[in-house]
Amino acid sequence: MKLFETLEQQLKKEPNFVTDNGELKKWVVLNKAQNFDEELIELLLANETLKEKFFVKVKDVLVLKQNLFIEFLEQKNYLNDSYTKYKNKVGLTIDGKYFKQRNEVALVWPFKDCILEGGQTKEEQKREEIFFNEILAQDEITQLLEPKVLTNAKRIDKDGEHPFNGFKRDAELNRKRGLPEDTITDNLIIKGNNLLALHTLKEEFAGKVKLIYIDPPYNTGNDSFGYNDSFNRSTWLTFMRNRLYAAKTLLSKDGIICVQCDDNENAYLKILMDEVFENRFLNNVAVKMSEASGVKMNHAKGRFPKLKEFILMYKMPNFKGFITVDKYEQKEWDPENNIFIEDLTEEQRSELIELEAKEINDQTDVNKANEILKKAKKISLATKLKDLEFENEDEKSEWLFKNSYRIIKTAGSSSLATLVKSLDKVPKQDIAAAVSKKGVLFFYITDFNRETKQPRLQVIFADSNIFKNPCDFWQDIKTTGAIAEEGGVKLSNGKKPEKILYRLIKMITNEGDVVLDYHLGSGTTAAVAHKMKRQFIGVEQLNYGENDSVVRLKNVINGDNSGISTEEDVQWKGGGEFVYLELKKYNQTFIEQIEEAKDTKTLLQIWEQMKAKSFLNYNVDIKKQNEHLEEFKTLSLAEQKQHLCELLDKNQLYVNLSSLNDTDFACTEEEKKVTKDFYRMK
């Protein structure tokens, strides 16, 4: 029963709410709702469906969602069509007022209160999409987001594909990572609509995923977001919002989600994610993704060429900090490193590093450091380089980095100057050590200018500055050249370097943690997670053929040596396995056949199959459809396709778990076995 029908039926139990001809006195009910009428509230609470939809529990007390209830009653249409309550305008509003009238801001767009299913199967397709209104189409949404039946399961390892033999649930691994012992520990690739797959995954992985990374369509008009809607940004935001809310339920309490996008939607996405993740913003990392060369520079006069993308990072409440930050080696020598130290060995520099690393230093450490530095003499680096007479710049650069342990620069420090001036005696040597009141060890040059307020006396060794924290601007990861060939698959647009995922996974997860990507594409996230011994879950609904994620993961298992394979802490040699699954299609099969059709004759053949095997919308009159076939033939091919798609019940695109034993859906014994195993059904 539709939600409005349920409400109307319940309200009509009160005679004062009904007119003489049996119609509901909506204005009376509205007035009662505005005044929190006790009689009305009792009537609503008496129905479980209405209680669930229009009340919220606060400290064991049920409170009427007054605004939601009134909004629902004020809609002009109630029945079968899902539609949006908002005007066709994108703006920033709160409580119906534009942001200029308020200090608080919330992003509002057409269809915000809707679910956008999103069902492209090929990257080049554009299609009209169906919106399900969260209030008015509650029944449709409940069906749409119900867990799905799983099919075509197979296990894949270095020996190829094998029949599915059950999910692995490694109790020891689960204890180690703090998850229930019966949690699935297999790597998974799921093919199907990613919104529906996320709701399917909730049954097994809610609260268990440490890292979600997605690289969704950027809504540029050139990518896979080809939804043929006049409010393209609204469509994109709805598409993202539905999936982000579902994904949030999968994150562990200390998890992180990272969403990569470009500047086309970055600002809108930031506000949306503030809403979804309750302002638990962590970082907006800028990543250099291309070089300032070629075609880009031909348009430099019109606007600055776009070289970067963004990774928006949001944390869950118990996130404590990054596990480690993957520092990178500078490629260019810092000219401020301009002093060479003679008579300092690499071994002696290591001893100084050990002293610096202590949590608290004392005078004993100062004495040790001064003894090490007693014979050290500083000379101009330029003089040293001149004496060495290098043949070319590459040779010189190599020598500089190799000898960075005995090259320094100086920095101004008034506090260190004050400390040194307070010493009873300064050692008679070029470089000496001192310790602060907080127990921090410093090195300084002894011949600094004592007349200036902030003399340059603090010694900073070049080797301590060669490796840098990337901070929130990542410009060190190569994004051109061999990247296109990583994993043995190609993606013409948007393929991400393995190094980006390597850095994120290393920062956020430990071995064995669960990593999810529900826009898997060519499989970069899964490939890197597998090489780094993390459990991966990948979801993809688009077909990439020979460049599919499954092909890539097979290459990884067989020892793919591209990407991060040669990193010191990876050294990938191959191995492992994953389970491939699909959401079982029903009407989706007909949608795909319609999309593939090249002529009217084929579409008419599909219509014959639809009449016999598909679930059609409740109001489709098959007899009338057949009577108007000649008129149907006069439509353009695109219009014919659209019409046939509209006849199909969109709730039945995939088979719901509740229909597993329904003979109409003809689930095989193998499908029942896989599905029951996944959901732990007896």
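The values are calculated or read from the model by the stated rules, or taken from the named source; none is laboratory data. From a predicted model like this one, the values you see are computed outputs, not experimental measurements. No Cβ is skipped: glycine too gets one built from the backbone with ideal geometry, and neighbour counts run over all protein chains shown.
One table, with the values for the structure above:
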item	result
Scan of the stretch 562-578 for residues that are surrounded by 12 or more Cβ atoms within 10 Å (Cβ to Cβ) and of a type in the set (S, T, N, Q), ordered by number	S562, S565
Inter-residue pairs, beta-carbon under 8 Å, first farther than 16 Å from V285 by Cα and in the stretch 303-329, second of a type in the set (G, A, S) and exposed (fewer than 13 other Cβ atoms within 10 Å of the Cβ), 6+ apart	P305/A292
Residues being without any contact (Cβ under 8 Å) to a residue 24 or more places away in the chain and among the basic types (K, R) - total across the stretch 140-174	2
Scope the stretch 430-443; condition surrounded by fewer than 17 Cβ atoms within 10 Å (Cβ to Cβ) and in contact with a Leu (Cβ under 8 Å, 6 or more places away or on another chain); matching residues	S436
Filtered residues of the stretch 514-540 (kept if more than 16 Å from the chain's Cα centre (by Cα) and surrounded by fewer than 24 Cβ atoms within 10 Å (Cβ to Cβ))	M532, K533, R534
Positions within the stretch 349-359 being assigned to a helix (DSSP H, G or I) and either of a type in the set (D, E) or surrounded by 14 or more Cβ atoms within 10 Å (Cβ to Cβ) (or both), in sequence order	R349, E351, L352, E354, L355, E356
Hey, K296 of a type in the set (K, R), at pLDDT below 95, outside the structural domain of L516 (by TED's automatic domain parsing) and farther than 26 Å from I212 by Cβ or not	no
Residue satisfying all of: in the stretch 161-214; among the acidic types (D, E) and either crowded, with 23+ Cβ neighbours inside 10 Å or at pLDDT 95 or above (or both); nearest to the chain's Cα centre (by Cα) among these	E204
Which numbered condition N337 misses (of (1) part of a helix (DSSP H, G or I); (2) assigned by TED's automatic domain parsing to the domain that holds N370)	(1)
Subset tally (residues that are outside any helix (DSSP H, G or I) and surrounded by 20 or more Cβ atoms within 10 Å (Cβ to Cβ)) for the stretch 586-613	1
So K584, is it modelled with pLDDT of 90 or more and among the basic types (K, R)	yes
Strands (runs of 3 or more DSSP E) wholly inside the stretch 1-99 containing at least 1 residues that are at pLDDT below 85	91-94
Candidate set: the stretch 495-552, residues that are outside any helix (DSSP H, G or I) and of a type in the set (A, V, I, L, M); chosen: the one nearest to G178 (Cα to Cα)	V514
Helices (runs of 4 or more DSSP H) wholly inside the stretch 360-412 containing at least 3 residues that are among the polar types (S, T, N, Q) and either over 43 Å from the mean Cα position of the chain (by Cα) or closer than 18 Å to L423 by Cα (or both)	363-373
When residues of the stretch 143-160 are limited to those that are among the acidic types (D, E) and either modelled with pLDDT of 95 or more or touching a Gly at 6+ places or on another chain (Cβ under 8 Å) (or both), the one nearest to K191 (Cα to Cα)	D157
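Per-residue answers, yes or no, for (1) more than 19 Å from I466 (Cβ to Cβ); (2) surrounded by fewer than 17 Cβ atoms within 10 Å (Cβ to Cβ); (3) of a type in the set (S, T, Y):
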{"site": "E336", "(1), (2), (3)": "no, yes, no"}
{"site": "I339", "(1), (2), (3)": "no, no, no"}
{"site": "E347", "(1), (2), (3)": "no, yes, no"}
{"site": "D362", "(1), (2), (3)": "yes, yes, no"}
{"site": "L385", "(1), (2), (3)": "no, yes, no"}
{"site": "K396", "(1), (2), (3)": "no, yes, no"}
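Matching residues to (1) on the phi < 0 side of the Ramachandran plot; (2) among the charged types (D, E, K, R); (3) at pLDDT 95 or above; (4) assigned to a strand (DSSP E or B):
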| site | (1), (2), (3), (4) |
| --- | --- |
| S252 | yes, no, yes, yes |
| C258 | yes, no, yes, yes |
| I271 | yes, no, no, no |
| E275 | yes, yes, no, no |
| N284 | yes, no, yes, yes |
| V287 | yes, no, no, yes |
